Amino acid sequence: MKVAVLAGDGIGAEIIAQATRVIRKLGVSLEMQEAPVGGAGYEAAGDPLPAATLKLAKEADAVLFGAVGDPRYDTLERAKRPEQAILGLRKELGLFANLRPAQVHAELAGASALKAEIVAGLDILIVRELTGDIYFGQPRGIREVGGTREGFDTMRYSEPEIRRIARVAFEAARKRAKRVCSVDKANVLETSQLWREVVSDESKNYKDVELSHMYVDNCAMQLVRAPKQFDVIVTGNLFGDILSDEASMLTGSIGMLPSASLDERGKGLYEPIHGSAPDIAGKGIANPLAAILSAAMMLRYSLRAPEAAVRVEKAVAKVLQSGLRTADICTPGTRKVGTQEMGNAVVAAL
Ligand code: IPM
Ligand code: MG
């Protein structure tokens, strides 16, 4: 099997280096090939998603992705900005289902901004639709109307798009606590009204899974009030973007959370939820665990190596138990280590 390794910008290279070390240590036979993406793609080929990088990603069985973005490129026209690389990959590869788990490792409950008892044992999965919604809807633009400029975007979802992401959520719930909460803004938006109708209809095929609905504003509140009420949350692209960042903070560190973006056949792109963190890039202090756990998800979902995935997850748990922490999750009584040392520890635990 072949993995496209796209480290990207900022801390991307440092954390992905640790993830590929971990994969090599497992001894699973796969080819890993690197290519530039994001700002690095722009530097190499004048395009955040160079044609050769896209070709490699299309040929590969899975993509291991670091992070993109750097303030240096903020003034470029939108088409050349690093974010276009990840949006382009999602669209070109048909990665419509984004799985964003938020779990609180017992040892890290104290690192959350919330009281430990509210988050201890938390285990939720956000299933975010990733190739539709206002992110990709047409028309969009900035136009002049009667001498005044206005910006506009189009929120839209087709019935099949809603149905297929609902199915992913119901299937995932079957392997968990069998509860799905569908999040929308059906009290205001037509798109959400259709969303709610279609998700409800699809739930008839999953009678063993309990479905509830929640407005997105309430969900944002419930996530910090009583996050353990949730099992699987399914939502659209925009709401999922926002809620998954919020959920990540429940865990104490965005540096811990992996994600998977899957197509209809199990091919996927795996990336940490966090960004490129340009402020700490090159300092050797970034947390590589989200990247390492993303590699574990890749082994499970795309490379058909679930045992290897479990080994990686157990190694990470063991390292945390031993008290090692990168700066972002460091609490009194633990030992602060850098990116490389954290990688060393996971490799040793394997
Ligand atoms: C994410 C990011 C992206 C998004 C950006 C970088 C385009 O925030 O993966 O959540 O908005 O989807
Ligand atoms: Mg986001």
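The values are calculated or read from the model by the stated rules, or taken from the named source; none is laboratory data. Just so it is clear, the model here is predicted, and its values are computed rather than measured. Positions of Cβ are generated from backbone atoms using ideal geometry, with glycine treated the same way; all protein chains shown enter the neighbour counts. The area values use the complete protein model at the heavy-atom level, side chains included, leaving out ligands, DNA and RNA. Shrake-Rupley method; radii C 1.70, N 1.55, O 1.52, S 1.80 Å.
Return the single residue from 285, 242, 142 with maximal mean-square fluctuation; model: Gaussian network over the chain, springs between Cα atoms under 10 Å.
142
Accessible area of the chain with a 1.4 Å probe: how many percent of it is carbon plus sulfur? Display every interim value, and only then the final one.
On the way: 7640 of 15060 Å².
Carbon and sulfur together cover 51 percent of it.
Express in whole angstrom the spacing between the alpha-carbon centres of segment 108-127 and segment 162-198.
Their Cα centres are 23 Å away from one another.
Taking loop as defined by DSSP and a crowding limit of 14 other beta carbons within 10 Å, which GluC sites (Glu not before Pro) in segment 58-107 fit? It would help to have the intermediate numbers written out before the result.
Details: sites: 59, 77, 83, 92, 107; in loops: 77.
Hits after loop and neighbour filter: 77.
Please work out the FRET efficiency for the pair residue 33 and residue 205, using the Cβ-Cβ distance as r and a Förster radius of 30 Å; give the result to the nearest 0.05. Please report the intermediate quantities before stating the final value.
On the way: r = 39 Å, r/R0 = 1.32.
Efficiency at R0 = 30 Å is approximately 0.15.
Give a residue-ordered list of calculated ³J(HN,Hα) values for segment 73-83 (Karplus: 6.51 cos²θ - 1.76 cosθ + 1.60, θ = phi - 60°; whole Hz; x for Gly, Pro).
9, 5, 8, 5, 4, 3, 4, 9, 6, x, 4
Each residue of segment 201-215 in turn: what ³J(HN,Hα) in whole Hz from Karplus with 6.51, -1.76, 1.60 and θ = phi - 60°, glycine and Pro shown as x?
Couplings: 5, 5, 5, 4, 7, 10, 5, 7, 10, 7, 10, 10, 10, 8, 6 Hz.
Which value in deg cm²/dmol, rounded to the nearest 500, describes the helix-derived mean residue ellipticity at 222 nm for the chain, given -39,500 (n - 2.57) per DSSP H run of n ≥ 4 and division by the residue count? Present the calculation step by step, with values, prior to reporting the outcome.
Numbers: 12 runs with 138 residues, N = 350.
Dividing the helical sum by the residues of the chain leaves -12000 deg cm²/dmol.
Please provide three numbers in whole Å: the alpha-carbon extents of segment 113-251 along the principal axes, with the largest listed first.
55, 39, 23
Using the Karplus curve 6.51 cos²θ - 1.76 cosθ + 1.60 with θ = phi - 60°, work out ³J(HN,Hα) for each residue of segment 344-350 in order, rounded to whole Hz, and write x for Gly and Pro.
4, 5, 5, 4, 5, 5, 6
Out of residues 5 or more away from residue 126 or on other chains, whose amide H comes under 5 Å of its own, with H placed 1.01 Å from N in the peptide plane?
100, 102, 233
Could you tell me the calculated FRET efficiency between residue 152 and residue 193, based on Cβ-Cβ distance and R0 = 22 angstrom, to the nearest 0.05? Kindly include the intermediate steps, with their values, before the conclusion.
Values: r = 21 Å, r/R0 = 0.93.
Given R0 = 22 Å and the Cβ-Cβ separation, E is 0.60.
Provide the per residue accessible area, probe 1.4 Å, for segment 113-251, rounded to a whole number of square angstrom. Don't jump to the answer; show the numbers that get you there.
Working: 6670 Å² over 139 residues.
Per-residue value: 48 Å².
If I build a Gaussian network model for the chain, linking alpha-carbon pairs within less than 10 angstrom, which residue out of 167, 72, 128 has the largest mean-square fluctuation?
Among 167, 72, 128, the largest mean-square fluctuation in the Gaussian network model of the chain belongs to 72.
How much length would be gained if the chain were fully extended between residue 76 and residue 178, taking 0.36 nm per residue of separation minus their Cα-Cα distance, in nm to one decimal? Can you show the working numbers first?
Numbers: separation 102, 0.36 × 102 = 36.72 nm, distance 4.53 nm.
Going from the current span to full extension adds 32.2 nm.
Hey, with R₀ at 45 Å, roughly what FRET efficiency would residue 213 and residue 58 work out to, going by the Cβ-Cβ distance, to 0.05?
Working: r = 37 Å, r/R0 = 0.82.
Using R0 = 45 Å, I get an efficiency of 0.75.
What ranking do 265-275, 331-341, 304-314, 290-300 get when scored by the average of other Cβ atoms within 10 Å per residue, highest first?
Details: 265-275: 22.4, 331-341: 14.4, 304-314: 16.7, 290-300: 26.5.
By packing density, highest mean first, the sequence is 290-300, 265-275, 304-314, 331-341.
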